[in-house]
Amino acid sequence: MGAHAAHGQAGAATAAMVAAALRQGDKMIINMGPSHPATHGTVKFVLTLDGETVDDIDIHIGYLHRGFEKMSEQGTWQQVLPYTDRLNYVSPLCNNVGYVMAVEKLMGVQITPRCSYIRMLVCEISRVTDHLTALAAGALELGGFTPFLYGVEARETLYPIVEELCGARLTTSYTRIGGLRSDLPDGYGDHVIAAMDKVLSLLDKMDKLLTKNRIFYDRMIGTGQLSQQDAIACGVTGVMLRSAGVDWDLRKHQPYLHYNELDFDVILGHQGDNYDRYLCRFEEIHQCNKMIRQMLRQMPGGPVNVGDWQVVLPPKAAVYNSIEGMIAHFKLTIDGHQVPAGEAYQAVEGGNGEVGFYVVSQGNGRPYKVHVRAPCYYAMGVLKKLVVGGMLADIVPTFDTLNMIGGEVDR
């Protein structure tokens, strides 16, 4: 569907909703967003209110026009990687890993054990930064400025760890088809442990201020409730699904990389409400910490890249001092990876759920199609069920626990 046609349909739906409300006479139509402190990005809600009760909501997500999937068709397979950073820019390393795994599946490339462990390590660090952002923002929007500062300080403790690894905080582009940009720096494991120790200390302070706080509890419990049936029917994954009591985590139930070698628990809620989603994120950080320490203890040695110059760039010494290295570097950079014709799908457990990449090749150096199965897109699809019938003020904590990232819902 063209952009103009989609916009026209959305406008018609809103107009019909407004007309219906006006016919009833006692309803109020208000716009929330697209630029609003609580919407965490460019999204607009057209609300029909009966007093302070939400009678209807029309959700407009089409304000962030990045065109990820179409841009991916314009460059080589490797040049798609920086675009994946901008999907969920709070946990970009998960996106990096998921994309290259999809291409590697299509190419039949088997990465090294050390590369696999490092990819898991960066994914779990990224997951912690994602959950911390959601927890901190949720506290702030309900008036908890001190726990917000603790959460942001904890996140800022981890960003230098990411920067040490790849030179950037958010736009990481760390993975490569067939491996990684580089190995772990010297002493990196000690730096990670020290950072996680500080994160846990700050998380404990947040816990004492929020979890049993009467005001916070009353605002969160029983609001934004999602049943197991609706969660499954609407395709939501990640914390939203697990908070409803559905035991589903790709790392455990469809293990990839070496997650099957790690000991960790899948955290489940009971009611699927805002409070359960808060608790699930809190406890998942502790599980991430548990896994990170296991990975560092079990980290194998060896190279991080496969030894095939048709898959990874040759080392600089070979490029500068041998004709074979120079040609291999030139061919891979200019022509791109020659991916066999076919299609593949690979999913990873991202910060907000299943991040899946469906890639199609026509047998040359550029993707024919790249589609992303973004968890935030499905979360936005279920938002109406969570807020209609509730109070206007409850939209803020409910929308926060969805943790919508605009870059993922872009279409």
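A compact table of results
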| quantity | calculated |
| --- | --- |
| Computed lengthening from ASP204 to LYS369, 0.36 nm per intervening residue step minus Cα-Cα distance | 54.9 nm |
| Read-out Cα extents along the principal axes in Å, derived from the coordinates shown; its label in (i) 79, 50, 32; (ii) 62, 53, 46; (iii) 95, 53, 41 | (i) |
| Taking N as its residue count, the alpha carbon Rg of the range 226-306 over 2.2 N^0.38 Å | 1.29 |
| Rounded Å value of the spacing that divides the Cα centres of the range 177-230 and the range 273-337 | 23 Å |
| Percent RCO, i.e. relative contact order, over the range 171-298, from Cα pairs under 8 Å lying at least 6 residues apart | 23 percent |
| Histogram of C-alpha separations across the range 307-411, 10 Å bin width, % | 13, 26, 22, 18, 12, 7, 2 |
| Rounded to 10°, Cα long-axis angle of helix 323-334 versus longest principal axis of the chain | 20 degrees |
| The chain: relative contact order as a whole-number percent, Cα under 8 Å and 6+ apart | 25 percent |
| Listed residue pairs exceeding 29 Å between alpha carbons, taken from LYS44/LYS290; LYS331/LYS369; LYS212/LYS290; LYS27/LYS385; LYS290/LYS369 | LYS44/LYS290; LYS290/LYS369 |
| Cα-derived Rg to Rh of the range 170-270, Kirkwood definition | 1.05 |
| At R0 = 25 Å, FRET efficiency that the Cβ-Cβ distance of GLN338 and TYR358 yields, to 0.05 | 0.80 |
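Taken together, the values in this text are just the output of simple stated rules run on the coordinates, not laboratory data. Owing to the predicted nature of the structure, the values given are computational and were not obtained by experimental measurement. Virtual Cβ from ideal backbone geometry, glycine too; neighbours counted across all protein chains shown.
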